[in-house]
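Please read the structure below before turning to the comments.
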Amino acid sequence: MATKTAEKKATSRELTKMQWKLKEAKQNWVAYLMVAPYMIFFTLFTIVPVVFSILLSFTDFNMLEVPNIVWLKNYVTLFFDDDVFLIAIKNTFIFAVIVGPASYLMSFLVAWFINELPPKVRAIVTLIFYAPSISGQAYLIWATLFSSDSYGWANAVLLKLGIIDTEIAWFQDEKYVMPLCIIVALWTSLGTSFLAFIAGLQGIDHSLFEAGAVDGVRNRWQELYYITLPSMKPQLMFGAVMSITGSFGFGGIVTALAGFPSVNYCAHTIMHHLEDYGGQRYEIGYSSAIAVLLFLIMVGANLLVKKIISRLGT
Amino acid sequence: MAKLRTRNHKVVLARSAGGDTGISIILINLGLFMFLPMWYILIQSLKPLDELWMFPPRFYVISPTFKNFRDLFTLMNISWVPFSRYIFNTLLTSVAGTFGHLLLASMASYALAKIKFPGREGMFQIVQLSLMFNSTVTAITSFILMANLHWLDTYWALIVPAWCSSLGLYLMKQFMDTNVNDSVLESARLDGAGEFRTFWIIAMPMVKPAWLTLIIYSFQGLWNAGASMYIYSEQYKSLNYAIGQITAGGIKRAGASAAAQVIMMLVPILVFVVSQSNIIETMGSSGMKD
């Protein structure tokens with residue numbers, strides 16, 4: 001409303017839109033002063049690195065020599081001449097496709113299950129589920145539980161039950177590294193989106209449920225589908241962004257548990273490839289191309305899922 | 001019409017017993033999956049050496065002891081750089097990073113949420129977009145940037161990037177949108193208060209849950225920060241890194257390393273316990289519009 005009347009005033013004074021904007025900007029110069037400190041640092045440490053990566057990805061910069069422009073050569077090499085990168089892409093997608101949706105679903109279901117518990121109990125259950133995601137390197141305990149000797153819990157149980165007769169080196173065996181890392185990633189994945197869902201469920205206007213019950217909603221599943229989900233769409237959207245971004249970025253768990261590089265690159269992700277070329281071989285141009293692809297994949301996945309959720313229930 | 005019943009003075013739809021049981025079973029299983037590893041960390045730290053190496057490993061302890069914690073402190077005392085230095089480093093970066101972030105992000109959020117100026121939509125869109133990728137993407141170029149700023153191997157490299165975390169600004173702005181009443185701000189402005197005064201005196205006290213949330217998120221990130229690619233010198237490294245070094249000491253330090261893990265995990269958990277209700281309140285307005 002306010003802007004509409006403002007615009008009318010503008011035309012009556014025969015100001016162009018541009019001039020009006022300028023006037024508005026001048027009137028609110030304090031606002032620019034207030035956003036400036038944050039925006040300057042944000043630009044410096046987020047926008048500049050992204051733009052810079054894109055530019056560098058077209059060069060062969062290696063920190064020592066003057067960079068040459070090589071156009072798309074880095075990208076071509078990545079897709080046609082770098083087998084390890086193809087493994088990395090495959091693994092990253094496997095991780096993301098499993099961990100992203102699974103953690104999202106788990107966050108939502110747990111939040112929904114505990115929604116009707118008394119507040120004190122709910123707080124305790126929330127803590128139990130949320131704790132692993134904030135406890136730093138607590139996930140290293142999985143290396144103890146699945147250690148390669150018989151003092152590891154998994155080996156001990158299997159030995160005792162007579163299922164195996166020699167210890168399994170869990171994190172050195174190609175068969176087990178990926179599944180185990182996925183389990184550990186899930187264990188740490190009930191984070192911000194989980195809290196957002198709890199809050200979203202608590203915030204739904206209760207009269208909606210009453211009205212729904214009167215209108216013939218018969219059970220909790222119908223209630224979930226017709227009332228709960230549509231009422232917390234904004235939280236679902238925010239949670240999706242948090243889960244997706246998280247699911248692409250957990251290479252750290254793999255490094256800590258399975259080493260770097262993992263056996264035969266079996267759990268090598270794009271993040272590891274980036275670390276390898278950027279952090280260790282200083283092939284900055286090449287690693288920038290990797291970073292740009294990772295950026296495009298993450299943002300693309302997020303925008304896609306946001307679009308899907310925004311169509312939910314319409 | 002469906003069966004209704006009341007719970008907490010509210011009318012709710014009757015729940016089928018079968019559904020309740022099914023949900024309880026799933027919840028308990030998931031709960032055990034989440035809880036048992038955490039429990040095991042705690043139990044390991046209380047086990048005397050002979051129990052640590054007992055076959056099969058147990059999820060309980062027969063004769064609990066604090067010896068592991070004492071061993072940890074002994075190990076801390078013989079480290080090459082005094083251990084207090086690592087604690088100081090982590091505290092300094094956590095406090096400076098967190099408060100800078102809180103101040104900068106709140107001030108910017110206030111302007112973005114409550115002052116109508118050209119460009120605010122675009123700025124917020126960009127910050128929101130940056131929630132969609134993580135720092136891995138910018139790691140290499142940030143390193144080059146730090147090198148050019150001559151910030152490598154200084155505290156600045158750890159503190160300043162924490163100031164402009166985008167999640168903090170996002171949550172604060174959304175919270176101000178829904179919880180700070182425009183008419184209150186308007187009357188303050190009519191009384192002659194400038195924007196900075198209105199922000200500090202009127203708006204900030206109204207968003208306490210949000211700043212607590214920002215503090216906790218920022219603190220968690222900085223507390224859990226391990227080895228940084230920006231830091232080479234031992235005397236600038238973090239507590240988390242130093243504890244990792246103790247843990248890497250192998251079999252004879254298994255007890256001390258279990259104790260170290262407990263200390264490192266208890267701090268963020270305790271911080272969350274005291275602030276849980278505020279964080280949930282903040283998340284109430286975290287929703288994203290399309």
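The values are calculated or read from the model by the stated rules, or taken from the named source; none is laboratory data. Since we're looking at a predicted model, the values are computed, not measured. Cβ atoms come from the backbone with ideal geometry, glycine included; neighbour counts cover every protein chain shown. SASA here: full protein model, heavy atoms, side chains in, ligands and nucleic acids out. Shrake-Rupley method; radii C 1.70, N 1.55, O 1.52, S 1.80 Å.
Here are a few things to note about the model shown:
- Computed over segment A:84-311: relative contact order in percent, which uses C-alpha pairs under 8 Å that are six or more apart: 29
- Distance between segment B:206-275 and segment A:109-130 - C-alpha centres, whole angstrom: 26
- Within 10 Å of the Cβ of each residue in B:28-39, the mean number of Cβ atoms contributed by other protein chains is 5.
- Taking all protein chains into account, the per residue accessible area for segment A:84-311 stands at 39 Å² (1.4 Å probe).
- Max mean-square fluctuation residue, GNM over chain B, Cα-Cα springs under 10 Å, options B:Leu30, B:Leu212, B:Leu131: B:Leu30
- Mean Cα-pair separation over length for chain B, i.e. relative contact order, pairs under 8 Å, 6 or more apart, %: 26
- With a Förster radius of 51 Å applied to the beta-carbon distance between A:Lys160 and A:Leu86, the computed FRET efficiency rounds to 0.80.
- Cα-based shape type of segment B:164-203, given that a ≥ b ≥ c are square roots of the gyration tensor eigenvalues and the cut on a/c is 1.5: oblate
- Per residue, the convex hull volume that the Cα atoms of segment A:260-314 enclose (Å³): 79
- Using the Karplus relation 6.51 cos²θ - 1.76 cosθ + 1.60 with θ = phi - 60°, the per-residue 3J(HN,Hα) values for segment A:268-285 come to 5, 10, 4, 4, 5, 5, 4, 4, 4, 7, x, x, 10, 9, 6, 8, 5, x Hz, with x marking Gly and Pro.
- Where segment B:221-283 is the region considered: accessible area per residue in Å², 1.4 Å probe: 41
- Annotation for B:Trp156 and B:Ile126: the two label points, set 7 Å from Cα along the Cα-Cβ direction, are 2.2 nm apart.
- Two-site label geometry, A:Leu224 and A:Trp29: point separation in nm, points 7 Å out along Cα→Cβ: 5.7
- Listed pairs A:Lys23/B:Lys208; A:Lys21/B:Lys208; A:Lys307/B:Lys116; B:Lys173/B:Lys289; A:Lys17/A:Lys306 exceeding 22 Å between Cα atoms: A:Lys23/B:Lys208; A:Lys21/B:Lys208; A:Lys307/B:Lys116; A:Lys17/A:Lys306
- In this structure, the amide hydrogen of A:Val70, modeled 1.01 Å from its nitrogen in the peptide plane, lies closer than 5 angstrom to those of A:Thr59, A:Asp60, counting only residues at least 5 positions away or on a different chain.
- Cα-based equivalent ellipsoid, segment B:17-65: semi-axes from gyration tensor eigenvalues, Å: 32, 9, 8
- Portion, in percent, of the accessible area of segment B:17-65 that falls on carbon or sulfur, probe 1.4 Å: 76
- Residue-normalised accessible area of segment B:17-65, expressed per residue, 1.4 Å probe, Å²: 51
- Excluding ligands, DNA and RNA and using a 1.4 Å probe, chains A and B jointly bury around 8800 Å² of accessible surface, summed across both partners.
- Label-to-label distance, nm, for residues given as A:Val51 and A:Ile204 (7 Å Cα→Cβ offset): 4.4
- Cα-based shape type of segment B:208-287, given that a ≥ b ≥ c are square roots of the gyration tensor eigenvalues and the cut on a/c is 1.5: oblate
- If you take all other residues with their beta carbon under 12 Å from the beta carbon of A:Gly285, and give Lys and Arg +1 and Asp and Glu -1, the sum is -1.
- Here segment A:42-119 exposes an accessible surface that is 76 percent carbon and sulfur, computed with a 1.4 Å probe and the other protein chains kept in place.
- Solvent-accessible surface, computed for protein heavy atoms with a probe of 1.4 Å, shrinks by 50 Å² or more for the following residues of segment B:270-290 when the other protein chains are added to the isolated chain: B:Phe272, B:Gln276, B:Ile280, B:Met283, B:Met288, B:Asp290.
- Alpha carbon convex hull of segment A:16-125, volume per residue in cubic angstrom: 317
- Across segment B:69-79, rounded Karplus estimates of 3J(HN,Hα) from the backbone phi angles (6.51 cos²θ - 1.76 cosθ + 1.60, θ = phi - 60°) give 5, 5, 4, 4, 5, 4, 4, 4, 5, 9, 6 Hz, Gly and Pro being marked x.
- Whether segment B:99-179 is rounded, prolate or oblate, judged on the alpha carbon gyration tensor where a/c under 1.5 counts as rounded: prolate
- Contact order relative to length of segment B:17-65, as percent, for alpha carbon pairs under 8 angstrom and 6 or more apart: 32
- Our compactness index for chain B, the C-alpha radius of gyration over the empirical 2.2 N^0.38 Å, is 1.28.
- Number of partner chain Cβ atoms within 10 Å, mean per residue of B:113-120: 6
- Calculated log₁₀ intensity ratio I(q)/I(0) where the Debye formula runs over C-alpha points of segment A:166-274, q = 0.16, 0.18 Å⁻¹: -0.77, -0.86
- Between B:Phe219, B:Phe83, B:Phe59, the GNM of chain B built on Cα springs shorter than 10 angstrom shows B:Phe59 fluctuating the most.
- DSSP loop chymotrypsin sites (Phe, Trp or Tyr not before Pro) with at most 16 other Cβ within 10 Å: longest gap in chain A: A:72-281
- Largest to smallest principal axis extent of the C-alpha atoms in chain A, angstrom: 88, 70, 33
- Within the listed set B:Leu158, B:Leu103, B:Leu171, the Gaussian network model of chain B (springs between alpha-carbon atoms below 10 Å) gives the highest mean-square fluctuation for B:Leu103.
- Full-stretch length increase - A:Ile94, A:Ile124 - with 0.36 nm per residue and alpha-carbon distance subtracted: 7.5 nm
- With Cα atoms as the point set, segment B:30-89 shows a radius of gyration and Dmax of 15.1, 43 Å.
- Across the protein assembly as shown, Cα-Cα pairs farther apart than 37 Å form 41% of the total.
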